[in-house]
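*Asks:* One structure follows; several queries about it will come next.
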Amino acid sequence: MPKVAVIIPLYNAAPFIRETLESVLGQSASDIEVVIVDDGSTDQGPAIVQEYQEKTTRVRLIPQKNAGPAQARNRGILATDSEYLAFLDSDDLWLPRKLERQLAFLEEHPEVALCYTDARVIDGEGRPLPHRERKFPLPVFHDPQEALEHLMLINFVVTSSVVLRRRILKESGLFSDKYLGAEDWDLWLRIARKGLISGIREPLCLYRYHEQGLSRRRSFLLLATYRLTERSLQWLSPDGSPHLKNKLRRRLALLASEVGKYYPGRQGLNWHLKAIRHLPYYPTVWLRLLRFLVKFGQP
C-alpha cells in the first residue's frame with residue numbers, strides 16, 4: 001500500500017495535465033499512488049493520462065460522468081487506502097521536495113491533522129504573477145481553536161498544497177457540493193473543528209490563475225463564502241469571542257451587499273437589505289444600497 005495517494009480531478013485540462021503529472025512523479029518522496037479521476041472530459045486529457053498509466057503502475061485513471069471536482073476528489077479518496085491523502089488540481093504544479101517536506105512535518109507533529117504550504121501564482125503559460133500572491137506571511141498554528149477562528153475569516157489554505165491524515169476524514173466527512181465554489185474551504189473548516197491544521201511557510205507548489213470565467217466563479221464564491229461565514233457564526237458558543245463574532249457579522253454584511261451587485265430587481269434588493277440587518281450602523285452597506293437603487297431603480 002503506498003504511503004500517499006495523490007488525488008487529481010481532471011476536466012478538460014489537456015494543455016496542463018502532462019506537466020502536472022511530471023511534477024508529481026518527480027517528487028523526492030516516491031512511495032505514492034497518483035489517482036486521476038476524469039470528470040467527463042471532452043478533450044485529450046484522459047488520453048495523456050493513459051500514456052502515463054501504461055508506463056508506470058503508480059498512475060491510475062478512473063473515469064466518471066461529470067459531477068464536479070468535489071465528487072471527483074471523493075471518488076479518488078474512496079478508491080484508495082493510503083495513510084495520507086494529497087490533493088492537486090490538474091493544472092497546478094508541485095516543487096520536487098514538497099511531499100518529502102510535508103510528510104516529515106506530519107511525522108514530527110502527530111497532533112497535526114492537515115498540513116498546507118505556501119504557494120506561488122503563475123498564469124496559463126507558467127509566468128509568475130507576484131501581484132496575485134498573498135501580501136502577508138502564511139499563518140501557521142499550534143492551537144486548534146486559533147487555527148479554526150482564523151480559517152473562519154479567510155481561506156488561507158491552497159487546495160493543491162494540502163496533505164492530510166486519512167483518518168481525520170472519518171470525523172469530518174468528505175468533500176460536499178453544498179457550498180459551490182468553496183467546497184475545499186468547507187472541508188478545511190470541518191477538519192479544523194476536529195483537529196489541528198498547520199503548515200509550512202515555504203512555497204512548495206505553483207497555483208495556476210485563470211482569468212477566463214472569473215466573474216461567474218466570483219458570484220458562486222461570494223454566495224458560498226456568505227453561507228460558510230453564516231455557519232461559522234452559528235458554530236460559535238454563546239460565550240465565544242465577541243471580537244470574532246463582530247468580525248463575522250461585519251463580513252456577512254459586506255458579503256451580502258456584494259452578492260446583491262450580481263442580482264437586479266427584488267432579489268438584489270433583498271441581499272442589500274439583508275446586509276443592513278446584519279450591520280445597520282455600517283455606512284458602507286447603506287452606500288451600496290443607494291448605488292443599487294440608482295443603477296436599477298426601486299424594484
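*Asks:* List every residue pair whose Cβ atoms sit under 7 Å apart, with the two residues 6 or more apart in sequence or on different chains, where the first one lies in the stretch 97-110 and is of a type in the set (Lys, Arg) and the second, anywhere, is surrounded by fewer than 18 Cβ atoms within 10 Å (Cβ to Cβ).
*Replies:* Taking only residues 6 or more apart or on different chains, the pairs are Arg97/Ser28.
*Asks:* Among all residue pairs at least 6 apart or on different chains, which show Cβ distances below 6 Å where the first residue, located in the stretch 256-267, is in the same structural domain as Pro280 (by TED's automatic domain parsing) and the second is among the basic types (Lys, Arg) and assigned to a helix (DSSP H, G or I)?
*Replies:* The qualifying pairs are Ala256/Lys274; Ser257/Arg288.
*Asks:* Something else about it: Based on this model, can you work out whether Leu61 counts as within 28 Å of Met1 (Cβ to Cβ), in the same structural domain as Trp188 (by TED's automatic domain parsing), at pLDDT 95 or above and out of contact with any Lys or Arg (no Cβ under 9 Å at 6 or more places or on another chain)?
*Replies:* The answer is yes for Leu61.
*Asks:* Applying the selection to the stretch 49-60, what residues are surrounded by 21 or more Cβ atoms within 10 Å (Cβ to Cβ) and either part of a helix (DSSP H, G or I) or within 22 Å of the chain's Cα centre (by Cα) (or both)?
*Replies:* Listed by number, the list holds a single entry, Val49.
*Asks:* Here's a follow-up. Looking at this structure, is Glu83 exposed (fewer than 14 other Cβ atoms within 10 Å of the Cβ) and under 20 Å from Gly195 (Cβ atoms)?
*Replies:* Taking the combined requirement at face value, the residue does not satisfy it.
*Asks:* Regarding the stretch 12-25, can at least one residue be identified that is closer than 25 Å to Trp188 by Cβ and among the basic types (Lys, Arg)?
*Replies:* no
*Asks:* Would you point out which residue out of Val6, Val24 is in contact with a strand residue (DSSP E or B) (Cβ under 6 Å, 6 or more places away or on another chain), closer than 21 Å to Leu164 by Cα and in a strand (DSSP E or B)?
*Replies:* Val6
*Asks:* Quick check on the stretch 98-114. Is at least one of its residues over 23 Å from Arg167 (Cα atoms) and modelled with pLDDT of 95 or more?
*Replies:* no
*Asks:* Any residue at all in the stretch 273-288 that's in contact with an Asp or Glu (Cβ under 7 Å, 6 or more places away or on another chain), under 21 Å from Ala224 (Cα atoms), surrounded by 17 or more Cβ atoms within 10 Å (Cβ to Cβ) and assigned by TED's automatic domain parsing to the domain that holds Tyr226?
*Replies:* Within the stretch 273-288, not a single residue is in contact with an Asp or Glu (Cβ under 7 Å, 6 or more places away or on another chain), under 21 Å from Ala224 (Cα atoms), surrounded by 17 or more Cβ atoms within 10 Å (Cβ to Cβ) and assigned by TED's automatic domain parsing to the domain that holds Tyr226.
Condition check ((1) at pLDDT 95 or above; (2) assigned to a loop (DSSP other than H, G, I, E, B)) across all residues:
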| site | (1), (2) |
| --- | --- |
| Glu202 | yes, no |
| Ser215 | no, no |
| Ala224 | yes, no |
| Glu230 | yes, no |
| Ser237 | no, yes |
| Ala256 | yes, no |
| Lys274 | yes, no |
| Tyr281 | no, yes |
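*Asks:* Here is a further query. Among Val121, Val140, Val158, which is the only one that is buried (at least 21 other Cβ atoms within 10 Å of the Cβ), in contact (Cβ under 8 Å) with a residue 40 or more places away in the chain and not assigned by TED's automatic domain parsing to the domain that holds Ala224?
*Replies:* Going through Val121, Val140, Val158 in turn, just one is buried (at least 21 other Cβ atoms within 10 Å of the Cβ), in contact (Cβ under 8 Å) with a residue 40 or more places away in the chain and not assigned by TED's automatic domain parsing to the domain that holds Ala224: Val158.
*Asks:* Quick check on the stretch 193-200. Is at least one of its residues modelled with pLDDT of 95 or more, assigned to a helix (DSSP H, G or I) and either under 25 Å from the mean Cα position of the chain (by Cα) or assigned by TED's automatic domain parsing to the domain that holds Leu114 (or both)?
*Replies:* Looking through the stretch 193-200, at least one residue is modelled with pLDDT of 95 or more, assigned to a helix (DSSP H, G or I) and either under 25 Å from the mean Cα position of the chain (by Cα) or assigned by TED's automatic domain parsing to the domain that holds Leu114 (or both).
*Asks:* Residue check: is Arg165 surrounded by fewer than 22 Cβ atoms within 10 Å (Cβ to Cβ) and either out of contact with any helix residue (DSSP H, G or I) (no Cβ under 8 Å at 6 or more places or on another chain) or farther than 17 Å from Ile200 by Cα (or both)?
*Replies:* No, not satisfied.
The values are calculated or read from the model by the stated rules, or taken from the named source; none is laboratory data. Note that the structure is predicted; figures quoted are calculated from it, not measured. As a convention, Cβ positions derive from the backbone with ideal geometry for all residues, glycine included, and neighbour counts pool all protein chains shown.
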